[in-house]
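Student: Let me give you the structure first, and then I'll get to my questions.
The values are calculated or read from the model by the stated rules, or taken from the named source; none is laboratory data. Every value quoted in this text rests on a predicted model; they were computed, and no experiment measured them. Cβ coordinates were reconstructed from backbone atoms using ideal geometry, including for glycine residues, and neighbour counts include every protein chain displayed.
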Amino acid sequence: MRTLRVLALILMTIGSTAYAQEKTSYFDSNWLKVLISIEVESKTDKETVYLPQGTGFLVQTPQNHTALFTAKHVVYDEQTKKVRENLVYRLNRKGKDSDTVSETQVLSLAKTGWVFSGTVDIAARLIMGKDEDDIARIPFNSILNSDPDVGANVYVIGFPLGLRSEIYSTPIVRQGIVSLVDPFLVDSFIFPGNSGGPVVYVPIIPLGKNIKTDVLQENKLIGLVTGYLPYQDVAISSQTKRPRIIFEENTGLCTVVPSKTILEFMKSDKFAEVEKNSFIGLGPVQEKKGSTPNN
């Protein structure tokens with residue numbers, strides 16, 4: 001009898017919540033607002049174009065600043081061993097159009113540049129000295145500080161193949177599951193452009209505050225996309241029996257830096273030193289004036 005009462009309470013909680021909010025998903029759409037399209041500005045005699053490089057997202061730091069996180073290879077050129085030139089960050093304003101903010105603009109307000117992890121493919125850049133009501137960011141307490149479980153329901157968010165609008169950079173969301181924890185793999189198709197995007201845990205069916213459960217009931221950042229796991233198939237010549245062509249395929253598994261590693265990086269002496277020196281006597285990034293050029 002007690003089991004039936006608990007089941008009835010669960011069904012009532014789910015039913016009343018769904019009816020009241022008329023939701024079709026338990027994914028919190030506010031995550032879409034924290035995404036940043038990282039691009040390179042290229043000028044010609046006729047126009048200025050923006051070439052998408054990858055995805056980033058805004059996070060609240062331990063000192064209540066705002067940092068832009070992405071994969072290191074999105075902003076760092078391994079050939080020149082330098083940060084890419086003419087970087088531009090397309091920020092989404094709440095209820096407004098996107099604004100392109102250049103690295104030069106940010107650097108004129110923040111004294112420090114990009115800081116890189118020495119062990120994993122992540123990079124961060126302090127971008128705002130304080131919270132702005134017009135800019136969304138991931139709260140520090142929404143970062144999972146533990147390993148996820150295999151089979152966890154997740155969403156991978158980003159700008160695959162540079163797909164994004166210039167009016168408002170709405171990212172593309174793909175569903176997946178945690179396939180392996182160490183190394184961290186997620187079963188979800190990603191493509192160039194997804195690198196640096198967040199992986200968000202979303203409960204299948206949130207049970208509400210009145211129901212006690214061991215399963216996490218909130219949306220949480222659980223990782224950062226670094227790439228996809230490739231599969232290579234070799235074409236063999238029927239005459240010489242020697243390999244002629246190597247085909248590389250997307251396995252549908254993407255590699256992810258876990259959120260607890262992101263937290264460790266944010267709490268490291270390297271990051272703390274950068275955060276300490278970034279905004280001494282400086283205010284937040286200002287909105288870029290004028291219209292956004294078209295690609």
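Student: Could you say which residue among Leu107, Leu68, Leu87 is among the hydrophobic types (A, V, I, L, M, F, W, C) and surrounded by fewer than 16 Cβ atoms within 10 Å (Cβ to Cβ)? Let's see the steps before the verdict.
Tutor: On the way: Leu68 fails: surrounded by fewer than 16 Cβ atoms within 10 Å (Cβ to Cβ); Leu87 fails: surrounded by fewer than 16 Cβ atoms within 10 Å (Cβ to Cβ).
From the options Leu107, Leu68, Leu87, the qualifying one is Leu107.
Student: Which one of the conditions (1) closer than 29 Å to Thr70 by Cβ; (2) of a type outside the set (Phe, Trp, Tyr); (3) surrounded by 14 or more Cβ atoms within 10 Å (Cβ to Cβ); (4) at pLDDT below 80 does Gln286 fail to meet, given that it meets all the rest?
Tutor: If we test Gln286 against (1) closer than 29 Å to Thr70 by Cβ; (2) of a type outside the set (Phe, Trp, Tyr); (3) surrounded by 14 or more Cβ atoms within 10 Å (Cβ to Cβ); (4) at pLDDT below 80, just (3) comes out false.
Student: A further question follows. Out of all the residues in the stretch 120-162, which are under 19 Å from Gln53 (Cβ atoms) and either of a type in the set (Lys, Arg) or exposed (fewer than 15 other Cβ atoms within 10 Å of the Cβ) (or both)?
Tutor: Within the stretch 120-162, Arg125, Leu161 qualify.
Student: Quick one: Ala124 ticks every box in (1) under 14 Å from the mean Cα position of the chain (by Cα); (2) over 19 Å from Phe279 (Cα atoms); (3) of a type in the set (A, V, I, L, M, F, W, C) except a single one, so which number is it?
Tutor: With (1) under 14 Å from the mean Cα position of the chain (by Cα); (2) over 19 Å from Phe279 (Cα atoms); (3) of a type in the set (A, V, I, L, M, F, W, C) applied to Ala124, the lone miss is (2).
Student: Can you run down the residue pairs with Cβ atoms below 9 Å, 6 or more apart or on separate chains, where the first is in the stretch 84-104 and over 20 Å from Leu126 (Cβ atoms) and in contact (Cβ under 8 Å) with a residue 60 or more places away in the chain and the partner is of a type in the set (D, E, K, R) and assigned to a strand (DSSP E or B)?
Tutor: Pairs found: Ser98/Arg90.
Student: Okay, moving on. Do you know which of the residues in the stretch 200-239 that are at pLDDT 90 or above and hydroxyl-bearing (Ser, Thr, Tyr) is nearest to Thr261 (Cα to Cα)?
Tutor: Restricting to residues being at pLDDT 90 or above and hydroxyl-bearing (Ser, Thr, Tyr), the top hit is Thr226.
Student: Quick one: in the stretch 40-52, which of the residues that are of a type outside the set (Phe, Trp, Tyr) and touching a residue at least 60 places away in the same chain (Cβ under 8 Å) is farthest from Phe69 (Cα to Cα)? Let's see the steps before the verdict.
Tutor: Kept after step one, since they are of a type outside the set (Phe, Trp, Tyr), are these residues of the stretch 40-52: 40-49, 51-52.
Restricting the remaining residues to those that are touching a residue at least 60 places away in the same chain (Cβ under 8 Å) gives 41, 47-49, 51-52.
On the way: Glu41: 19, Glu47: 29, Thr48: 26, Val49: 23, Leu51: 19, Pro52: 16 Å.
Step by step, filter the stretch 40-52, then rank; the result is Glu47.
Student: Could you list, in sequence order, the residues of the stretch 143-178 that are of a type in the set (Val, Ile, Thr) and in a strand (DSSP E or B)?
Tutor: Hits for the stretch 143-178 are Ile143, Val154, Val156, Ile157, Ile172, Val173, Ile177, Val178.
Student: Another question about this same structure. Do we find a residue being in a strand (DSSP E or B), modelled with pLDDT of 95 or more, within 19 Å of Glu273 (Cβ to Cβ) and more than 14 Å from the chain's Cα centre (by Cα) anywhere in the stretch 40-61?
Tutor: Taking every residue of the stretch 40-61 in turn, none turns out to be in a strand (DSSP E or B), modelled with pLDDT of 95 or more, within 19 Å of Glu273 (Cβ to Cβ) and more than 14 Å from the chain's Cα centre (by Cα).
Student: Quickly run through the stretch 163-199 and pick out the residues that are among the polar types (S, T, N, Q) and either surrounded by 15 or more Cβ atoms within 10 Å (Cβ to Cβ) or modelled with pLDDT of 95 or more (or both). Give the steps one after another, and end with the answer.
Tutor: Within the stretch 163-199, the first condition is being among the polar types (S, T, N, Q), and the residues that meet it are 165, 169-170, 175, 179, 188, 194-195.
Correct list: Ser169, Thr170, Gln175, Ser179, Ser188, Asn194, Ser195.
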